[in-house]
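To start, the structure itself, in structure tokens.
The values are calculated or read from the model by the stated rules, or taken from the named source; none is laboratory data. Quantities reported herein were computed from a predicted structural model and do not represent experimental measurements. Glycine gets a Cβ as well: all are built from the backbone with ideal geometry, and neighbour counts include every protein chain shown. We work out accessible area using only protein heavy atoms, side chains counted, and drop any ligands, DNA or RNA first. Shrake-Rupley method; radii C 1.70, N 1.55, O 1.52, S 1.80 Å.
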Amino acid sequence: MMKLNIRLAIVTGIILLMSLPLSAQIYDWRGPNRTGVYSETGLLKVWPESGPELIWEYGESGFGYGSPTITEDRIYITGRVGEEDVITALTHDGKKIWSSVYGKAWVLNHNGTRGIPTIVNNRIYLVSGSGDIVCLDTDGKIVWEKNHFELYDSKPLMFGISESPVYVDGKIIVSPGGKKASLVAFNAENGDLVWESEALGKGPQYVNPLLIEHNNRKIIVTVLDPDLVGVDVTNGKILFKENYDLHHRAPGGRMSKNHAVTPLYRDGKLVVANGYDYVGLQFKISDDASKLDLVWKNPDLEPHHGGMVLVGDYIYTSDHMSNAMGSWLCVDWNTGETKWKERWITKGPIISADNMLYLYEEKSGNVALAKVSPEKLDIVSTFQITKGEGPNWAHPVIDNGRLYIRHGEFLMVYNISSK
């Protein structure tokens, strides 16, 4: 009897283990937790005069502004081909594996793809420029698909959809806005509806939402014109809502309804910032996440759409002087004080790794390597991207000692490892 009980216990234990969900391997936009700060080490601190070594380039992805998503064995990149959005899978040495159409492209106003694939285990999640929410397998076959605008009576944005879906706890979360729901969660496996958050009557935006964990509660943070909102991941309840327009710099400012910057979060505090004369703000989230208390504001902190990075106690980004011009700056996370603000060609995307900053100015495609410093903009090396067309808006990616830069139809891969 004892042996039988032991066998039953072992079998029961095996069944229980088999029924537990495997931990998800997630590859997402701007690296770990969408911070733009990559965990790579052993990278070059100075580049050769002509720039880091070009390993390979690929020029048949279709036109787009989206960064690649890189997994252990593949690279995924989107692009517009005619009136369709296409995703291409490449090997790590730049060889094409497959391409698949995943939705209708946005063909007005900078008509390239923006959305970045979110990869979870053997599934690919992304949104087309016209709002097609799609799940594909890693062979490029569509598993399920829906559409933002048709489902939720939402209006297309001026520049199409730029959102990359958030995966959390078996759910894919997107933010259509509109009259029926502000955010929506779908079952990641089959696309079934899990929850719809309260409709705020606000349009969608270009923000890639941020997943945070605050006092053991998972919250999606994003901006829906004009509200900064926090939504409970488990049930879609809106926990906090702050009208961002009330903190605008001046009544006569540009006040464009184009929000495109993912917020920053650390230790119960949230920083939200935007171009078009908006003011950078830090809020303290209450313990129960029901309200936000303003900590500081800084009118210098107004990134356009190149993102922000928090390295140590300092925020690094570029500002939005105009659509064609901008400076680079450093802001103290704790006090909101501007530490420096300096010109280097113009604004653009920024990422960080191995205690260095990577700046990619959008006008002429110059790339800079700079030391992380609250004292000054300390650029040590530069080179220029010469392939591709259109603005240099794609955020660089760092993976396994390589720097990935996308411009138009081209993806270029550089060796930045010191090993």
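Pairs of alpha carbons in the range 107-199 separated by more than 22 Å make up 22% of all such pairs. Derived scalar couplings between HN and Hα for the range 367-382 equal 10, 10, 10, 10, 6, 6, 7, x, 8, 6, 7, 10, 7, 10, 8, 9 Hz in order, rounded to whole Hz, by the Karplus curve 6.51 cos²θ - 1.76 cosθ + 1.60 (θ = phi - 60°), x for Gly and Pro.
Just how large is the dipole of the chain about the Cα centre, in debye to the nearest 20, putting +1 at every Lys and Arg Cβ and -1 at every Asp and Glu Cβ? Could the numbers behind the result be given before it?
Details: 42 positive and 50 negative charges, 69 e Å.
That gives the chain a dipole magnitude of about 340 debye.
Restricting to DSSP loop positions (anything but H, G, I, E, B) with no more than 10 other Cβ atoms inside 10 Å of their own Cβ, which GluC sites (Glu not before Pro) remain in the range 302-377? Sparse-neighbourhood loop GluC sites (Glu not before Pro): Glu375. Taking the Cα centre of the range 313-352 as the origin and placing charges on Cβ (Lys, Arg +1; Asp, Glu -1), which of Tyr316, Thr338, Trp328 is farthest toward the positive end of the dipole? Working it through, the farthest residue towards the positive pole turns out to be Trp328.
Just to confirm, what accessible area per residue do you get for the range 341-419 at 1.4 Å probe, in whole Å²?
Heavy-atom accessible area per residue stands at 36 Å².
Taking the Kirkwood radius as Rh and the Cα radius of gyration as Rg, the range 48-178 has a ratio of Rg/Rh equal to 1.00. Distance between the pseudo-spin-label points of Leu294 and Val107 (7 Å out from Cα toward the beta carbon): 4.6 nm. With the charge dipole of the chain set up from +1 on Lys and Arg Cβ and -1 on Asp and Glu Cβ about the Cα centre, the Cα lying farthest toward the positive end among the listed residues Ala24, Pro303, Ile70 is that of Ala24.
Both numbers refer to the Cα atoms of the chain; Rg and Dmax are 21.6, 83 Å. Distant-in-sequence amide contacts of Lys104, defined by a placed amide H-H separation under 5 Å and a gap of 5 or more residues or a different chain, comprise Asp85, Ser130, Asp132. Using a Gaussian network model of the chain in which every pair of alpha carbons under 10 angstrom is joined by a spring, one finds that among Gly36, Gly94, Gly306 the greatest mean-square fluctuation is at Gly94. Once Lys and Arg get +1 and Asp and Glu get -1 on their Cβ, which of Ile161, Val184, Ala199 lies farthest toward the positive end of the dipole of the range 91-209? Selected residue: Ile161.
Give, in nm to one decimal, the length gained when the segment between Ser418 and Trp56 is fully stretched (0.36 nm per residue of separation minus the Cα-Cα distance). Mind dumping the intermediate values first?
Details: separation 362, 0.36 × 362 = 130.32 nm, distance 1.81 nm.
That pair, Ser418 and Trp56, stretches by 128.5 nm at full extension.
Build a GNM of the chain with springs between Cα atoms under 10 Å apart, and of Leu377, Leu136, Leu246 the one that fluctuates most is Leu246. Cα centroids of the range 150-213 and the range 62-105: 22 Å apart.
Close amide H pairs (under 5 Å, H built 1.01 Å from N) link Ile351 with Tyr358, residues at least 5 positions away or on another chain. Distance from the C-alpha centroid of the range 258-328 to that of the range 395-419: 26 Å, rounded to the whole angstrom.
Computed from backbone phi, the HN-Hα couplings of the range 290-304 come to 8, 7, 10, 10, 5, 9, 8, 9, 9, x, 6, 7, 9, x, 7 Hz, rounded to whole numbers (Karplus: 6.51 cos²θ - 1.76 cosθ + 1.60, θ = phi - 60°; Gly and Pro given as x). The magnitude of the dipole of the range 275-354, with charges of +1 and -1 set on the Cβ of Lys/Arg and Asp/Glu and taken from the Cα centre, is near 220 debye.
Once a ≥ b ≥ c are taken as the square roots of the eigenvalues of the Cα gyration tensor of the range 177-234, is the result rounded (a/c under 1.5), prolate (a/b larger than b/c) or oblate (a/b not larger than b/c)?
Values: a/c = 1.82, a/b = 1.09, b/c = 1.67.
Note, shape of the range 177-234 comes out oblate.
If R0 is taken as 35 Å, the Cβ-Cβ distance between Thr234 and Ala324 corresponds to a FRET efficiency of 0.20.
The charge dipole of the range 134-220, taken about its Cα centre with unit charges on the Cβ of Lys, Arg, Asp and Glu (plus for the first two, minus for the last two), comes to roughly 360 debye.
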